[in-house]
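Written out below as structure tokens is the structure these notes cover.
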Amino acid sequence: MAIPPCTSSPITSGSASASCICDGSRRHARVSRSTLPRPALARLAPALLGRAVWHGPGTVLGKVTHHSGAHPRFRRHRRLGIPSRTRRSVPVRACGQGRRSMARSFVLKGAFVYDHGGDTDAPAVADVFVRDGRIVSVGDPVPPGVHEVIDLSGHLLAPGFVNSHYHSHDVLAKGMFETMSLERWGMIAGPIGSDRSIEEVRLRTILGAVECARNGITTVQDFLNLAPMDPAYVDAIVDAYATVGVRVILSIAVRDKSQLDTILWADEMVPHEHHATVGTATGDPARQLAFVEEQIARIGDRDGAVVWALSPSAPQRCSFELLRGVGDLAKAGGLPVYTHVYETRLQRLLGKERYTDHAGSLIALMDDAGLLGPHVTIAHGVWPDAEEIARIADTGTGVVLNMLSNLKLRSGVAPLAAYRRAGIPLSLGCDNCSCADVQSMLQVMKLYCLLGGIGIVGPERPEAAEAIRLATLGGARAAGREGVLGAVAPGMAADLVAYDLDDPAWRPFNSAARQLVFAETGRAIRHVWVAGRQVVRDGRCATYDESKLTRDLAAAMPMVRRDLDALASAADVIEPAFQAIQSRAFSTELGYDRYLPRF
């Protein structure tokens with residue numbers, strides 16, 4: 001979602017102290033005219049390729065922890081999956097059923113294999129040969145000496161989903177909210193992720209990753225709201241994903257404008273004594289970018305388990321200086337960029353009123369800052385006008401659609417038909433657990449087809465096979481992983497999901513694509529592999545003890561619920577002002593709408 005946790009708030013983690021946008025400090029940082037820190041760029045590319053991991057000494061200074069060694073040392077790792085320092089041994093009874101060692105080569109035998117370019121109603125039965133985490137062949141004779149054969153007769157084998165928009169910071173707030181605006185929701189769901197214990201951060205990340213895996217999501221874009229910006233948090237999050245075995249596209253959100261400054265009319269309509277509660281803290285763009293750059297160089301890609309990306313929180317939350325810095329870093333490192341744009345009507349009005357130097361457009365602002373292009377993906381994109389949609393299309397910029405959260409927060413419906421007509425690259429996301437409540441691409445695909453067909457007659461309506469492509473290949477494209485993720489085909493990563501066709505959703509079996517999108521709920525998911533490692537077996541997590549997860553949640557949730565209640569009480573005080581802001585926004589002429597008509 002659009003509201004990160006780095007805002008001033010009277011209550012975080014049971015404390016009366018305010019949290020803030022974290023900048024901290026960093027020694028020996030060099031700043032160019034665009035304020036982009038450069039010291040780690042020379043080692044950025046090898047780290048991204050997983051060739052080296054920096055193990056330098058760490059020092060905490062203020063809010064940002066940095067590595068102070070002037071001459072970083074590298075230690076090379078053999079390419080054996082996840083590097084040795086993050087591999088974990090799991091007790092034999094960890095999942096109540098034991099854990100077999102991952103075979104370096106195996107065959108998935110006898111399944112109906114989903115092929116994007118083939119018959120998506122009646123896929124052919126074929127054997128899939130996997131070796132060293134990659135698909136070697138589909139339907140070809142298997143060479144002798146295969147370690148393991150897994151019988152998948154009576155199953156559909158499909159590519160794992162790529163969830164292209166998600167935030168792990170508020171996983172523990174699932175089910176806590178229902179009817180509220182984005183602005184009020186953000187005052188609760190943002191701060192609840194700030195200044196938490198390392199143990200809680202690890203717990204919430206594992207919980208979200210397990211839910212993703214059990215719902216067939218093998219890659220997730222975690223738009224990480226990190227407060228404070230401390231490498232210990234990053235390590236806990238990366239190790240949590242490695243433990244569960246879900247591939248992560250990891251980006252650390254940056255912003256340098258206060259929350260109060262980025263909500264239109266809030267400075268005049270929220271009583272002055274409550275400004276700090278909305279959020280008045282600002283950040284240092286150079287220090288934030290230095291921290292992000294350092295984590296990329298330090299951690300690397302963990303042999304493909306981590307895909308690094310950049311995330312300015314939203315254009316209106318960043319100075320032009322910070323946006324240019326993100327653009328420079330993206331180009332230097334060949335990194336994808338994800339950012340929130342035009343989630344609400346209020347944000348579109350803010351663009352018109354505040355950014356007259358950029359034609360009253362946040363899209364034009366991004367273009368002027370060098371942040372449009374095929375490597376950039378806009379999250380939400382509910383409220384752009386026709387001219388802005390054309391600009392998005394002309395630059396090859398992508399959009400990740402998040403219909404679940406947009407509907408629950410009453411933000412509107414993205415212009416799906418206009419995006420499709422313009423040929424804009426699309427992907428799909430589930431968004432936060434506190435505003436969408438579920439990490440299920442199955443629900444998102446169904447919404448895409450249903451909402452995308454409203455008011456459209458004929459072949460322009462999106463169909464199930466298209467939704468599946470967006471949920472797999474579309475997400476891979478956004479992450480710069482075309483040809484690697486998103487299909488069951490030779491050379492692709494063995495990120496695979498097996499659906500039991502004996503489930504009621506599949507009886508009778510008439511169409512793989514339509515029943516996957518319109519009938520499947522996740523109940524038929526039996527087995528999931530990521531890079532050839534089995535992470536779900538017989539419908540349960542195969543890499544982490546779910547009974548321990550339940551026990552740890554029972555211990556953690558009383559404090560989390562207490563803090564959520566306190567944050568909600570603080571937000572209640574400002575709710576009349578937010579209601580007045582919303583009323584003013586809806587009475588201000590925009591020239592178009594993104595809401596369904598009332599019946």
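The values are calculated or read from the model by the stated rules, or taken from the named source; none is laboratory data. Small disclaimer: the values here were computed from a predicted structure and weren't measured. Methodologically, a virtual Cβ is constructed for each residue, glycine included, from the backbone with ideal geometry; neighbour enumeration extends over all protein chains shown. Areas reflect the complete protein model, heavy atoms only, side chains present, ligands, DNA and RNA absent. Shrake-Rupley method; radii C 1.70, N 1.55, O 1.52, S 1.80 Å.
What the table shows:
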| read-out | value |
| --- | --- |
| Strands (runs of 3 or more DSSP E) wholly inside region 487-599 that include at least 2 residues being in contact (Cβ under 8 Å) with a residue 12 or more places away in the chain and of a type in the set (D, E, K, R) | 533-537 |
| Test: His147 is of a type outside the set (Lys, Arg) and open to solvent by 10 Å² or more (accessible area, probe 1.4 Å) | yes |
| Any hit, region 418-438, residues being of a type in the set (Phe, Trp, Tyr), under 21 Å from Thr262 (Cβ atoms) and in contact (Cβ under 8 Å) with a residue 24 or more places away in the chain | no |
| So Ala266, is it surrounded by fewer than 24 Cβ atoms within 10 Å (Cβ to Cβ) and without any contact (Cβ under 8 Å) to a residue 12 or more places away in the chain | no |
| Test: residue in region 328-344 that is assigned to a helix (DSSP H, G or I), surrounded by 22 or more Cβ atoms within 10 Å (Cβ to Cβ), touching a Ser or Thr at 6+ places or on another chain (Cβ under 7 Å) and not hydroxyl-bearing (Ser, Thr, Tyr) | no |
| Flag for Leu349 being surrounded by fewer than 23 Cβ atoms within 10 Å (Cβ to Cβ) and within 21 Å of Gly186 (Cβ to Cβ) | yes |
| Scan of region 211-230 for residues that are open to solvent by 10 Å² or more (accessible area, probe 1.4 Å) and part of a helix (DSSP H, G or I), ordered by number | Glu211, Arg214 |
| Answer from Ala290, Ala286 - the residue that is buried (at least 24 other Cβ atoms within 10 Å of the Cβ) and assigned to a helix (DSSP H, G or I) | Ala290 |
| Breaking point among (1) among the hydrophobic types (A, V, I, L, M, F, W, C); (2) within 20 Å of the chain's Cα centre (by Cα); (3) within 30 Å of Lys109 (Cβ to Cβ), for Ala173 | (3) |
| Check on Val517, buried (at least 22 other Cβ atoms within 10 Å of the Cβ) and over 24 Å from Phe106 (Cβ atoms) | yes |
| Failed item, numbered, when Leu250 is tested on (1) in a loop (DSSP other than H, G, I, E, B); (2) closer than 30 Å to Ala493 by Cα | (1) |
| The listed residue being in a loop (DSSP other than H, G, I, E, B), more than 30 Å from Gln288 (Cβ to Cβ), open to solvent by less than 70 Å² (accessible area, probe 1.4 Å) and modelled with pLDDT of 50 or more, out of Pro123, Pro141 | Pro123 |
| Any hit, region 355-370, residues being assigned to a helix (DSSP H, G or I), in contact with a Ser or Thr (Cβ under 9 Å, 6 or more places away or on another chain) and either without any contact (Cβ under 8 Å) to a residue 24 or more places away in the chain or aliphatic (A, V, I, L, M) (or both) | yes |
| Criterion (touching a helix residue (DSSP H, G or I) at 6+ places or on another chain (Cβ under 7 Å) and either among the small types (Gly, Ala, Ser) or open to solvent by less than 30 Å² (accessible area, probe 1.4 Å) (or both)) met by exactly one of Ala487, Ala498 | Ala487 |
| In region 150-176, residue farthest from Ala505 (Cα to Cα) [restricted to those that are part of a loop (DSSP other than H, G, I, E, B) and open to solvent by less than 10 Å² (accessible area, probe 1.4 Å)] | His169 |
| In region 182-199, the residues that are in contact with a helix residue (DSSP H, G or I) (Cβ under 6 Å, 6 or more places away or on another chain) and either part of a loop (DSSP other than H, G, I, E, B) or at pLDDT 95 or above (or both) | Ile198 |
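For every residue, the table says whether it meets (1) in contact (Cβ under 8 Å) with a residue 60 or more places away in the chain; (2) closer than 22 Å to Ala314 by Cα.
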position	(1), (2)
Arg184	yes, yes
Ile188	yes, yes
Arg204	no, no
Glu211	yes, no
Asn215	yes, no
Pro228	yes, yes
Asp239	yes, no
